[in-house]
Amino acid sequence: MSTHASPHGGGRRPAQAKPDRHFVTALARGLEVLSVFRARDHLLGNQELARRSGLPKSTISRLTYTLTKLGYLEHAQDERGNVGYRLGSAVLALGSTMLSRMDLRAVARPLMQELADHSQAMVALGTRDRLSMIYVETCRSESALTLSLEVGSRIPLGTTAMGRAYLAVCSEVERRALMEQMRERDPERWPVVEAGILRGLEEYRRMGCCASFGEWQGDVNALAIAFRPLAGRGIMGINCGGPAFQLAPEYLLREVRPLLVTMGERLQQLGAVKPMALS
């Protein structure tokens, strides 16, 4: 996981940030390797892990060896003879512990399914992981052509409705820090991403949700809300979206937005969540 500042004009390098003596780089790199796996991945080799994580292949080799010894990765071979790694049972144990504590999923799922059936779209519940939102529950209508995203799927924070809704309800300090990280990660695209985020903040003030119409993927439209569950949990988001040809912006704003906002109110009445005001 590399962190570096882009050089500025005039040939002068910006001052380097003071190293954090409490930060364990080796641990961070190991967790970065685990985080690059996606729901559809069967096996990933060291070369692909290096490409996704941005770490040297020699470092990846040591990390995969260690993670395999600890049970967080498994070394395997697929039916075509390809050799690589897949997530091990130790990761499953951690994930199962986390999901078992998220009683919010059980409360939200019937309401999510109701909205999915009504809108003929996909509805997902997610939480933030660094600069992504990761799905922890999904619902879809059986009769609809919907997105092929599952629990564990990640979507970007800055260009999606759910990510922008998160940014709209988190603290100003957290929002500024996340936006700075996004700017540093992709300075060339940042002006466009920033404009979308600022538009999302205004949308949340004005209509209680955020929109992303073709900004994450050109053929995907979505709306989202965000909220903070009780018992001190982090901010969660719920989105409703699908193929743009099926879910026009006008339909989402006219038909889905009131239902999405009402879902948040119903969850509040059930005692599952506590809404937050935009900072």
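The values are calculated or read from the model by the stated rules, or taken from the named source; none is laboratory data. It should be emphasised that the depicted structure is a prediction, and the values quoted were computed from it without experimental measurement. Ideal geometry is used to build each Cβ from the backbone, glycine not excepted, and the neighbour counts take in all protein chains shown.
Screening Thr159 on (1) in a helix (DSSP H, G or I); (2) of a type in the set (Val, Ile, Thr); (3) modelled with pLDDT of 95 or more shows it passes everything except condition (1). Tell me, please, whether a residue that is modelled with pLDDT of 85 or more and among the aliphatic types (A, V, I, L, M) can be found in segment 5-23. No, every residue in segment 5-23 fails to be modelled with pLDDT of 85 or more and among the aliphatic types (A, V, I, L, M). May I ask you to list pairs of residues, at least six apart or on different chains, whose Cβ atoms are under 7 Å apart, with the first in segment 84-98 being in the same structural domain as Thr68 (by TED's automatic domain parsing) and part of a strand (DSSP E or B) and the second being of a type in the set (D, E, K, R) and at pLDDT 80 or above? From residues that are in the same structural domain as Thr68 (by TED's automatic domain parsing) and part of a strand (DSSP E or B), the pairs are Tyr85/Glu74; Arg86/Glu74.
Among residues of segment 23-37 that are free of Cβ contacts under 8 Å to residues at least 12 places away in the same chain and crowded, with 17+ Cβ neighbours inside 10 Å, none has a Cβ under 6 angstrom from a residue that is not in a helix (DSSP H, G or I) and not acidic (Asp, Glu) at a sequence gap of 6+ or on a separate chain.
Are any residues in segment 58-68 under 15 Å from Leu27 (Cα atoms) and either hydroxyl-bearing (Ser, Thr, Tyr) or surrounded by fewer than 13 Cβ atoms within 10 Å (Cβ to Cβ) (or both), and if so, which ones?
Keep residues of segment 58-68 that are under 15 Å from Leu27 (Cα atoms), which gives 59-68.
Thr59, Ser61, Thr64, Tyr65, Thr66, Thr68, listed by residue number.
Please tell me if Leu55 is of a type outside the set (Gly, Ala, Ser), part of a helix (DSSP H, G or I), touching a residue at least 12 places away in the same chain (Cβ under 8 Å) and surrounded by 18 or more Cβ atoms within 10 Å (Cβ to Cβ). No; evaluated as a whole, the condition is false for this residue. Scanning segment 128-152 for residues that are out of contact with any Lys or Arg (no Cβ under 7 Å at 6 or more places or on another chain), modelled with pLDDT of 90 or more and among the polar types (S, T, N, Q) turns up just one, Thr138. Pick out, from segment 187-263, the strands (runs of 3 or more DSSP E) lying fully within it that include 1 or more residues that are surrounded by 18 or more Cβ atoms within 10 Å (Cβ to Cβ) and modelled with pLDDT under 95. Per the criteria, 220-229, 236-243. Taking every residue in segment 62-75 that is on the phi < 0 side of the Ramachandran plot and of a type in the set (Asp, Glu) and pairing it with any residue that is in a loop (DSSP other than H, G, I, E, B) and surrounded by 13 or more Cβ atoms within 10 Å (Cβ to Cβ), at least 6 positions away or on another chain, the pairs with Cβ-Cβ distances below 6 Å are Glu74/Gly88. Within segment 168-186, the set of residues being in a helix (DSSP H, G or I) and touching a residue at least 40 places away in the same chain (Cβ under 8 Å) comprises Ala168, Val169, Glu172, Arg175, Leu178, Gln181, Met182, Glu184, Arg185.
Yes/no matrix, rows are residues, columns are (1) within 24 Å of the chain's Cα centre (by Cα); (2) at pLDDT below 90:
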| residue | (1), (2) |
| --- | --- |
| Arg38 | yes, yes |
| Leu44 | yes, no |
| Leu49 | yes, no |
| Ser61 | no, no |
| Tyr65 | no, no |
| Leu73 | yes, no |
| Ala76 | no, yes |
| Asp103 | yes, yes |
| Gln113 | yes, no |
